[in-house]
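Working notes, beginning with the structure itself.
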Amino acid sequence: MDLSFSAADLAFRDEVRAFIAENYPADIKARFDAGVEPLKEDFVRWQKILHAKGWVAPAWPKEYGGTGWTSTQRYIFQEELGAANTPGIIPFGLAMVGPVIYTFATEAQKQRFLPRILSSDDWWCQGYSEPGSGSDLASLKTKAVRQGDKYIVNGSKTWTTMAQFADWIFCLVRTDSTVKQQEGISFLLIDMKAPGITVRPIITMDGGHEVNEVFLDNVEVPVENLIGQEGQGWTYAKFLLGHERSGIAAVSRSKKGIARLRAIAKAETIDGQPLIEDDSFLRKVNELEIDLTALEYTELRTLARESQGKGPGPESSILKIKGTEIQQAITELAVEAAGYYAMPFNRRAMDGANEPTVGPSYAAFVAPSYFNMRKTSIYGGSNEIQKNIIAKMVLGL
């Protein structure tokens, strides 16, 4: 695989870099650079800026609003977004349900939903996980019973990320309990404003509110919101998960994380010397960077596969496992570097309060990031599940 950039690629990189420099709002950049908790409006405003340029959905087919870029251009684009520390693209609409809709939905559904996903006028959340199901997603209990031209949905979902902001939820529901588990599932699009939906926050151990419980009590869903065929939802669910896992690797963001880690280690000292000059610590940082480089090559192979018209394959499970392990390792080393300054917890510092922190300002975010990253090896299908997929689909065991 030739990894050198052509002159056209370098020109494209310059174009992306210049666009970000000219259009990345200073107030959003200040919040992201400071590490304070971002606002919903930050994500929406940045995505609308990219949409106006036609760059918000690089992975989509051009006929539905994609850019038509090569895999190399998409890679460069993500690299530049990560280097500039812009808000990440919220995946639920653009990277998850969007591909399901343009691949499996009716023309009417495409016309109705895709434009508002591209423009970020609709915020989506994912209704997959359920209480009691753990990683056995197919054991879900939320039921949808058809009555004429509508489904009546009852049940609950959990760990629903950003549901407090969502306009729509894509939901896996059980429409047949008499067949094999995977064959009785359907894929519904549900308006979060529909009567009978209740969202209850789950406050995580870092003090943040990202995830929620969602309760569905006799929620009426028009049959026209069913994607594909009734009972075939498991097929669409697996397709969506492949796209989700590919995006979890977050290589460019991890590069930024390692750069931040090196900066902390330069500021902290051990025996009067900068921590970054300590052989033991430096070895751990370098090994992490080597792992990240190897992951980057795997991501490039995945992009090359997609550029040939093939969807994400089992290698997306490798990206998910290794990407999340690296993200967690970066935050672990950051805690080690910050030492006891990582212990004080001041939530207001993350909210941008204008008051001094205990110790250096970078230390205020180290422990919350460490705790928050514990989730990454669980969501999107736990890493243990991904190892099973690799064993079956890659190794043939």
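The values are calculated or read from the model by the stated rules, or taken from the named source; none is laboratory data. From a predicted model like this one, the values you see are computed outputs, not experimental measurements. Note that each Cβ is placed from the backbone with ideal geometry, even for glycine, and that neighbours are counted across all protein chains shown. What goes into the accessible areas is simple: the full protein's heavy atoms, side chains included, and nothing from ligands, DNA or RNA. Shrake-Rupley method; radii C 1.70, N 1.55, O 1.52, S 1.80 Å.
What to note about this one:
- Some residue of the stretch 238-245 being surrounded by fewer than 17 Cβ atoms within 10 Å (Cβ to Cβ) and free of Cβ contacts under 8 Å to residues at least 24 places away in the same chain: yes
- Residue check for F19: within 29 Å of M162 (Cα to Cα) and part of a helix (DSSP H, G or I): yes
- Per-region count, the stretch 267-283, residues in contact with an Asp or Glu (Cβ under 9 Å, 6 or more places away or on another chain), open to solvent by 60 Å² or more (accessible area, probe 1.4 Å) and part of a helix (DSSP H, G or I): 0
- Counting only strands (runs of 3 or more DSSP E) that fall entirely inside the stretch 110-191 and contain at least 1 residues that are basic (K, R) and either outside the structural domain of S377 (by the TED database) or crowded, with 16+ Cβ neighbours inside 10 Å (or both), the qualifying elements are 143-147, 150-157, 168-174.
- A single entry from G93, G88 fulfils the requirement of being touching a residue at least 12 places away in the same chain (Cβ under 8 Å), within 16 Å of the chain's Cα centre (by Cα) and either outside any helix (DSSP H, G or I) or surrounded by fewer than 20 Cβ atoms within 10 Å (Cβ to Cβ) (or both): G88.
- Filtered by the rule that a residue be hydroxyl-bearing (S, T, Y) and over 18 Å from S361 (Cβ atoms), the stretch 263-281 gives a lone residue, S280.
- The stretch 32-82, residues that are open to solvent by 40 Å² or more (accessible area, probe 1.4 Å), more than 17 Å from V251 (Cβ to Cβ) and of a type in the set (G, A, S): A34, A52, G68
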